[in-house]
Amino acid sequence: MTTSLGRVRIVDFSRVLSGPYATLILGDLGADIIKVEEPGEGDATRENRPLVNGQSHYFLSLNRNKRSVGLNLKSAEGQDVARKLVARADVVIENYRPGKMASFGLDYASVAKVNPRVIYCSITGFGQDGPLAMTPAYNDVVQGLSGVMSLNGEPDGMPVKVGIPIGDLAAGMFAAMGILAALYEREASGNGKHLDISMLDCLLGMLGYSAGWYFATGKSPHRVGSRHHSIAPVGVFRTLDGKDLILAVFITKFWRRFCEAAGRKQLASDPRFVSAQARVENSSELYPIIEKVVASKPLSEWLKLLAKGDVPHAPVLSIGEALEQDYVRHRHMVIEAKHPAYGPVKMVGPVIKYRGEAPPSSTAPPMLGEHTAEVLRSYGFSESEIGRLHDMGVIS
């Protein structure tokens, strides 16, 4: 089992998705994640349906390898406990609106006074300052503001958001990368720092060549559905048996292989389609031909022909079909852990792998407050202090 971050303790005040996704990644790498939750309710996603044995699919998907501490941050006593937790933390992460952690006395300036080595990561929709800083933000909002939504959907249809919450997930990934870089820097400098992660910044940073298109031409790229702005043929095509096949014929070598696999060698030498640029310029003629060709055979036959011809392609799978592939089993991308209430919990497994090492074991996502006493004991709290805090409603 990998323990890459086994010496790193992270106090996690984040909720819902962006912050928990960051600590999911870091927990998979071996960090000790102490998840601080509000007593009684906990992370809001604990209520997200569907529920199985009283447990939310949403919460279970994002919170393995974490210890839950139920702590009332609205009380002075709860804030005192939190200050003790962060004083010995390597990393503190939160995703409240700017100013909220300061109201608890747990903002970066306050924490750094007692722990100058702390890496403090704030995730918000629009950063810690600026014209949008106090604006409420969700994945849908930042997809709209980033331009990402304008690219998604069919050319003659409405803009459509990306099917997964890419705004939150991107923020979580960049937060995890930033934390790792800051920890590495601290090894040399001895100093902590405050990371300011904006969901909108993250999606803007992922525009890649779409932003380059605008900088180069002064025009925004338009929606092309599952096709590509500057490469053809790329897209989803319907087969004879009504199933969907995606073709990714990105270079001329693969175009020739596709034509041979399809039994249409003459298309490869057709002047309209012989080069990459010609295929793009004549895409209005090319795509109807490809649609007709693909519609002539069932999906199973196409999969055999294209695999044999080494043409980039795939069936368009449902989530369930994707998770049941042989590939997923081979790569250990579905894992299982035993939960005290839910029973065996299946989860998408860790993405980062180390050649020659066994897949890491995982603990099930915690019950609310499951590790409160355990964590407080490790910080030197006595049984009588823990009991008093519980009786006061400060901890759960």
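Can you say whether Ser198 is farther than 28 Å from Leu24 by Cα and surrounded by 15 or more Cβ atoms within 10 Å (Cβ to Cβ), as far as the supplied structure shows? Break it down into steps so the answer makes sense when it comes.
Working: farther than 28 Å from Leu24 by Cα: no; surrounded by 15 or more Cβ atoms within 10 Å (Cβ to Cβ): yes.
For Ser198, the condition - farther than 28 Å from Leu24 by Cα and surrounded by 15 or more Cβ atoms within 10 Å (Cβ to Cβ) - is not met.
Restricting the search to the range 126-143, which residues are part of a helix (DSSP H, G or I) and either at pLDDT below 95 or among the β-branched types (Val, Ile, Thr) (or both)?
Val141, Val142
Given the criterion touching a Ser or Thr at 6+ places or on another chain (Cβ under 8 Å), exposed (fewer than 15 other Cβ atoms within 10 Å of the Cβ), closer than 19 Å to Ala307 by Cβ and in the same structural domain as Gly309 (by TED's automatic domain parsing), identify the matching residue among Leu240, Leu245. Outline the logic, then answer.
Details: Leu245 fails: exposed (fewer than 15 other Cβ atoms within 10 Å of the Cβ).
The conditions single out Leu240.
Condition (residue is under 30 Å from Ala112 (Cβ atoms) and of a type in the set (Gly, Ala, Ser)) applied to the range 201-208: is it met by at least one residue?
The answer is yes; a qualifying residue exists.
Here are Gly157, Gly153: which of them is on the phi > 0 side of the Ramachandran plot and part of a loop (DSSP other than H, G, I, E, B)?
Gly153
Pick out the one residue from Ile166, Ile197, Ile179 that is assigned by TED's automatic domain parsing to the domain that holds Leu17 and under 12 Å from the mean Cα position of the chain (by Cα). Give the derivation first.
Details: Ile197 fails: under 12 Å from the mean Cα position of the chain (by Cα); Ile179 fails: under 12 Å from the mean Cα position of the chain (by Cα).
Unique residue meeting the criteria: Ile166.
Spot the failing condition for Gly208; the list is (1) surrounded by fewer than 15 Cβ atoms within 10 Å (Cβ to Cβ); (2) over 30 Å from Ser230 (Cα atoms); (3) without any contact (Cβ under 8 Å) to a residue 12 or more places away in the chain; (4) not acidic (Asp, Glu), and only one is missed.
Single failed check for Gly208: (2).
So, in the range 1-47, of the ones that are assigned to a loop (DSSP other than H, G, I, E, B), among the hydrophobic types (A, V, I, L, M, F, W, C) and over 16 Å from the mean Cα position of the chain (by Cα), which residue ends up surrounded by the most Cβ atoms within 10 Å (Cβ to Cβ)? Give the steps one after another, and end with the answer.
Taking the range 1-47 first, the residues assigned to a loop (DSSP other than H, G, I, E, B) are 1-8, 13-17, 29-31, 38-43.
Among the residues that remain, those that are also among the hydrophobic types (A, V, I, L, M, F, W, C) are: 1, 5, 8, 13, 16-17, 29, 31.
Next, from what is left, pick out any that are over 16 Å from the mean Cα position of the chain (by Cα): 1, 5, 8, 13, 31.
Values: Met1: 10, Leu5: 21, Val8: 20, Phe13: 24, Ala31: 27.
Result: Ala31.
The values are calculated or read from the model by the stated rules, or taken from the named source; none is laboratory data. Everything numeric here is computed off the predicted structure, so don't read it as measured data. Methodologically, a virtual Cβ is constructed for each residue, glycine included, from the backbone with ideal geometry; neighbour enumeration extends over all protein chains shown.
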